[in-house]
Amino acid sequence: MSFIKKSFSVVLCAAILAGFAACAGKDNGNKGTETAQSSAGETTSANQTVSEVLEKSPEQITAKDIYMANTVDYLLSVYDSIRISCEYADSSIVKYMFLKDGKPVYIEDNRPSESESEVWGWYNGMNFSPNGDRVTVTFSAEELPDVNGEFPYEYMISDNVTGAVTEYVGESDGLYEFCVTGADEDIHYVENHFFDKETLAVRKSVCRYDDEDLNEIYFDYDTPVEYASLLDGWDGELKKVTVVSEIIGDSGSSVITKEYRIPADWEMVPYEYEEVAVYLDKEMTVPYEYPGDGVDCTIYVTNTMG
């Protein structure tokens, strides 16, 4: 059994993005309720379809089957969390995704070395990161971050590689193994992907470049999310932060006002522009300092440096 890897990759990456969109659609209000109900129906259908897939022999499993079993939306209907660990020669990245109050959360921990850790995340239309005893919202991002199809699957072989094929290799330790091979000019690629025999959820990927290990990617489910406590403040009373941005450019000036509701111990740091000054008064005479936990405030931002 074999099929063209390019189709396999494109279809699965499309599923990932669709899963992101479906999760993000579960929002507040009447529209969000209707979306959630529709998504629940789709998930039920997906559950039934994946159950049918699991009755197949591994030789009969197709790209579409793996697509259905590895979308974020489907995986989060089965598991409480997804964890991906990407191991490189001198660094690593750990990624999490889970739902909080029906809304998707994405957290990434970049580890350039054993002693360094750079954490950021996305939730409820905001990018956030820990900063001492507070969490700072560095800028708003209405849509889920583009992670280039890396949730829950990651490919090293370019979609432009022609002639790449995927074949079932065998079963070991409760995992099905599929091998993707391809060549681009004089470079030979080999990927080995391992899927849970019982659920078809991806568990491990190994990519080799000219017979040398490039990286290993591990997938875990229902594991504790190390930084989930950063979101605890959403369970309490929220404060209101209004950001008034006056931006002057070549075509003139514009004033944009946005209002945010964030946890009492979160800080809005609206550095959406490379060079800005931030104040606490409309006249822009009082330089910004954190007003304190639970304090509603208005922040004035300008790119006019005085």
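What follows draws every value from the coordinates through simple rules; no lab data is involved. Since this is a predicted model, take the numbers as computed values, not measurements. Ideal geometry is used to build each Cβ from the backbone, glycine not excepted, and the neighbour counts take in all protein chains shown.
Filtering S129, S117 for residues that are more than 29 Å from V243 (Cα to Cα) and either hydroxyl-bearing (S, T, Y) or touching a helix residue (DSSP H, G or I) at 6+ places or on another chain (Cβ under 9 Å) (or both) leaves a single hit, S117.
Look at A277 and say whether it is small (G, A, S), within 29 Å of the chain's Cα centre (by Cα) and farther than 30 Å from D173 by Cα. No: the conditions fail for A277.
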